[in-house]
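**Student:** One structure is given below, represented as structure tokens, and several questions about it will come after.
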Amino acid sequence: QATAGGSEPLLKGLDILNELDRLGVLDAMRAMLKQSGQITAIGLEQMNKPGAHRIIKNAMGALQFLSSLDPAKLAVLMNGLTAGIDSATAAGTVGEAGRQERGGGGLWSIVKSMRGPDVMASLSLMVRFLQGMGRSLNKSR
């Protein structure tokens with residue numbers, strides 16, 4: 001009686017199970033369960049290797065770092081980074097082998113370009129970044 005009233009979810013569940021079986025996922029899961037002792041032993045053996053603890057600590061530190069970032073601020077920086085890469089690799093700037101091709105303008109044109117609002121925005125961002133990083137480094141001493 002219980003299955004008659006809720007047949008649609010049961011049919012969906014059976015459909016999912018059939019698809020997992022077709023893909024071989026259920027066979028893989030069954031094999032993993034049968035060999036779980038050996039898989040656990042291999043996992044523990046790998047974790048007891050000299051660098052494994054350091055890798056785990058670094059991964060945890062990286063996850064903590066990523067969780068501390070504001071996604072909106074990170075998106076702004078990543079969009080700027082993408083635009084900068086696109087601009088740096090624009091046609092005529094970087095050759096086929098990835099080497100910088102000689103273009104027009106010399107040192108003076110580079111110095112003049114530093115007055116532009118786009119370059120000033122990037123330089124200001126880098127200086128603020130270095131100031132914040134320096135403050136943090138000085139606190140940790």
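Read-outs: derived from the displayed coordinates by stated rules, not from any lab. Model, not experiment: these values are computed from the prediction. Cβ placement follows ideal geometry from the backbone for every residue including glycine, while neighbour counts extend to all protein chains displayed.
**Student:** Can you give me the angle between helix 25-34 and the longest principal axis of the chain, using Cα atoms only, in degrees from 0 to 90, rounded to the nearest 10?
**Tutor:** The answer is roughly 70 degrees.
**Student:** So, one more: Can you tell me the 0 to 90 degree angle between the C-alpha axis of helix 71-88 and the longest principal axis of the chain, rounded to 10?
**Tutor:** 60
**Student:** Taking +1 at the Cβ of each Lys and Arg and -1 at the Cβ of each Asp and Glu, which of L107, L17, G6 sits farthest along the dipole of the chain towards its positive end, judged by Cα position relative to the Cα centre?
**Tutor:** L107
**Student:** Please report the net charge: other residues with Cβ closer than 15 Å to the Cβ of G134, K and R +1, D and E -1.
**Tutor:** Working: positive: R128, R135, K139, R141; negative: none.
Net charge in that neighbourhood comes out at +4.
**Student:** Round to the nearest 10 and give me the degree value, 0 to 90, for the angle of helix 36-47's Cα axis relative to the longest principal axis of the chain.
**Tutor:** That works out to roughly 20 degrees.
**Student:** If the cut-off is a Cα-Cα distance under 29 Å, which lysines reach K34, setting aside same-chain residues fewer than 8 apart in sequence?
**Tutor:** Straight-line reach from K34, under 29 Å: K12, K49.
**Student:** A further question follows. For the chain, modelled as a GNM with alpha-carbon contacts under 10 angstrom, which of G80, G106, G61 fluctuates the most?
**Tutor:** Top of the fluctuation ranking is G106.
**Student:** Taking 7 Å along the Cα-to-C-beta vector as the label spot, tell me the L17-S67 distance in nanometres, rounded to one decimal.
**Tutor:** 3.6
**Student:** Something else: The list (i) -0.82, -1.03, -1.13, -1.30; (ii) -0.39, -0.74, -0.88, -1.18; (iii) -0.35, -0.73, -0.90, -1.23 gives values of log10 I(q)/I(0) by the Debye sum over Cα atoms at q = 0.10, 0.15, 0.17, 0.21 Å⁻¹, and only one came from this structure; which label was calculated from it?
**Tutor:** Correct label is (i).
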